[in-house]
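The values are calculated or read from the model by the stated rules, or taken from the named source; none is laboratory data. Bear in mind that the values here come from a model prediction, so they are computed numbers and not experimental data. So basically every Cβ, Gly included, is an ideal-geometry build from the backbone, and we count neighbours across all protein chains shown. SASA here: full protein model, heavy atoms, side chains in, ligands and nucleic acids out. Shrake-Rupley method; radii C 1.70, N 1.55, O 1.52, S 1.80 Å.
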There are 2 protein chains.
Amino acid sequence: MSGTPIISVVGKSDSGKTTLLERLIAELKRRGYRVGTIKHDTHGFEIDHPGKDSWRHAQAGSDVVAIASPQKLALIKKLESELTLDEVASYITDVDIILTEGYKRADKPKIEVHRKVVGGELLCSPQELLALVTDEPLNMPVPQFSFEEIGALADLIEEKFLKRREFPLVSILVDGKGVPIFKDFTRQIVAKTVKGMVSALQGGIGRFISIKIDLGEGEQK
Amino acid sequence: MSGTPIISVVGKSDSGKTTLLERLIAELKRRGYRVGTIKHDTHGFEIDHPGKDSWRHAQAGSDVVAIASPQKLALIKKLESELTLDEVASYITDVDIILTEGYKRADKPKIEVHRKVVGGELLCSPQELLALVTDEPLNMPVPQFSFEEIGALADLIEEKFLKRREFPLVSILVDGKGVPIFKDFTRQIVAKTVKGMVSALQGGIGRFISIKIDLGEGEQK
């Protein structure tokens, strides 16, 4: 993992995923982290309001519609095919951690939520699980927390993903697909090259750098 | 200009900005371009629906909330201060042109919409205007179109901004602020360096490249 850490909260319907997320978001915010979340909606959703200017842009055929106020930015993008979790995450900038609701098939550390009343088998194998949040003890070799032990769960997340981050974090997308970076060495070269170029351009540097390039059609070779 | 071209549609209330945008979007889509739009909302807006999971994430304190379905991606980001138009535009990827509704104070080419019944002085000086869309001829040295002459207006936009694009397009943000690139030479160096690094990493290249780096706190020097 070379970009922002991503942890998925998964579980059956009505197991309490959103409730756990609400508590975890609040706890991480209390600790001073900037938090992003992604809700995986497998069915499709409508969010903009019929008749509004931005809705009319989308109806007229706009591929991406943004609405910007002094307090908020909203973006709605039509997709030709479903994005991977990494691709969605690439739109989320300037946060310390990304929590997802859903994405049980993505290759990210997971917290499974379980309630006795919902029952049945767990969705994940112990190997996939960072933790289990459950209202009954289960016989599994995975750290287990009750729905009230949010502080202890946040401690685990902080220890594993937030204190041990190795900066610089680097993420690269080509045509919307994530490019894996396997070596620390590669990450350092990319970060230092980009940092050098950008600081030469503006005579200084900040914390978050983003570069976007459109090579043009047929110019890829 | 080194990134995706941006054109702003401005005008007084009820002058027909959204109507013009609808027609222009449809016409540019018909010509095969990918279009993004930005609505400038100076007052603030609510878009997510109370009670929905994503809304609950935001209420709990999430700084950025995304919702991803197979057909659509939505992103809602809380802002500490208003973004510039260039910053908002940096979230819009994979389009050929960005049209805005509003942003009369931003430094982009503008199309002013005027209706006789609304009256009054124009918002823009002739120097700022790419074109005027009006239902009465005005004595101004600016190309003028009626609300029905969308094809001719699209021809002008195509000629000035879409046919003459010089690839590669490059945009750079540091901590959310756009870094101006004044020289063609600089644009070429940045694009070729990044293209080289990324193609070495994955043994090939695509059209759109995006790199994000988080240098970490205190690591900027």
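Take a quick pass over region B:138-202 and tell me how many lysine pairs come in under 25 angstrom between Cα atoms, counting only ones 8 or more apart or on separate chains.
On the way: B:K160/B:K183; B:K163/B:K183; B:K163/B:K192; B:K163/B:K195; B:K177/B:K192; B:K177/B:K195; B:K183/B:K192; B:K183/B:K195.
The number of close lysine pairs in region B:138-202 is 8.
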Name the residues whose placed amide hydrogens come within less than 5 Å of the amide hydrogen of B:G216, ignoring near sequence neighbours (fewer than 5 apart) on the same chain.
A:L169
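Kindly identify region A:57-146 as rounded, prolate or oblate by the Cα gyration tensor criterion: order the square roots of the eigenvalues as a ≥ b ≥ c, call it rounded if a/c is under 1.5, otherwise compare a/b with b/c, prolate if a/b is larger, else oblate. Don't skip to the end; give the middle numbers.
On the way: a/c = 2.73, a/b = 2.43, b/c = 1.12.
Prolate.
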Output wanted: per-residue J couplings in Hz (rounded whole) for region B:37-48, from phi through Karplus 6.51 cos²θ - 1.76 cosθ + 1.60, θ = phi - 60°, x for Gly and Pro.
10, 10, 9, 8, 10, 7, 9, x, 9, 10, 10, 7
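Placing unit charges on C-beta atoms (Lys and Arg positive, Asp and Glu negative, everything else neutral), compute the dipole magnitude of region B:47-194 about its Cα centre in debye, rounded to 20.
Working: 19 positive and 24 negative charges, 86 e Å.
Here region B:47-194 has a charge dipole of around 420 debye.
Relative contact order for region B:28-99: what percent, with Cα pairs under 8 Å and sequence separation of 6 or more?
The normalised contact order for region B:28-99 reaches 44 percent.
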Label-point gap, in nm, between B:F208 and A:K163 - each point 7 angstrom along Cα→Cβ
3.9 nm
What are the label-to-label distances in nm, one decimal and shortest first, from B:R165 to the same spot in the other copies, with labels 7 Å along Cα to Cβ?
3.2
Amide H contacts of B:Q71 (H built 1.01 Å from N, under 5 Å, at least 5 apart or other chain)
none
Candidate lysines - alpha carbon under 22 Å from B:K12, same-chain residues fewer than 8 apart omitted
A:K52, B:K39, B:K104, B:K108, B:K110, B:K116
Shortest first and in nm, the label-point separations between B:Q127 and its counterparts in the other identical copies (7 Å out along Cα→Cβ) come to 6.8
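With charges only on Cβ, +1 for K and R and -1 for D and E, what is the dipole size of the protein assembly as shown about its Cα centre, in debye, rounded to 20?
Details: 62 positive and 64 negative charges, 178 e Å.
Using only the charged Cβ atoms, the result is roughly 860 debye.
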Inter-copy spacing of A:I189 label points, which lie 7 Å from Cα along Cα→Cβ, given in nm from shortest upward
2.1
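Tell me the relative contact order for region B:70-189 as a rounded percent, counting alpha carbon contacts under 8 Å between residues six or more apart.
19 percent
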³J(HN,Hα), Karplus 6.51/-1.76/1.60, whole Hz, each residue of region A:73-84, x for Gly, Pro
10, 10, 9, 10, 10, 6, 10, 7, 9, 4, 7, 6
Rounded to the nearest 20 debye, dipole of region A:67-131 from Cβ charges on Lys, Arg, Asp, Glu:
300 debye
How high is the relative contact order of chain B, in percent, counting Cα pairs under 8 Å that sit 6 or more residues apart?
26 percent
Shape of chain A, Cα gyration tensor, a/c cut at 1.5:
oblate
Distance in Å, no decimals, from the C-alpha centre of region A:181-217 to the one of region A:59-90 is 24 Å
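Residues of region A:37-93: accessible area per residue at 1.4 Å, in Å²?
40 Å²
Give the shape of the protein assembly as shown as rounded, prolate or oblate, defined through the alpha-carbon gyration tensor: a ≥ b ≥ c are the square roots of its eigenvalues, a/c under 1.5 means rounded, and otherwise the shape is prolate if a/b is larger than b/c and oblate if not. Please list the in-between numbers first.
Numbers: a/c = 2.29, a/b = 1.56, b/c = 1.46.
In terms of gyration-tensor shape, prolate.
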Using only DSSP helix segments of four residues or longer, with each worth -39500 (n - 2.57), what per-residue ellipticity at 222 nm results for chain A after dividing by its residue count and rounding to 500?
-7500 deg cm²/dmol
Over region A:133-180, with the other protein chains present, what is the accessible area per residue in square angstrom, probe 1.4 angstrom?
52 Å²
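Less than 9 Å Cβ to Cβ from B:S15, Lys/Arg counted +1 and Asp/Glu -1: what total charge do the surrounding residues give? Write out the running numbers ahead of the final one.
Details: positive: B:K12, B:K17, B:R115; negative: B:D14, B:E112.
Computed value for this residue: +1.
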Inter-chain shielding of B:79-89 (mean C-beta neighbours from other protein chains, 10 Å cut-off)
3
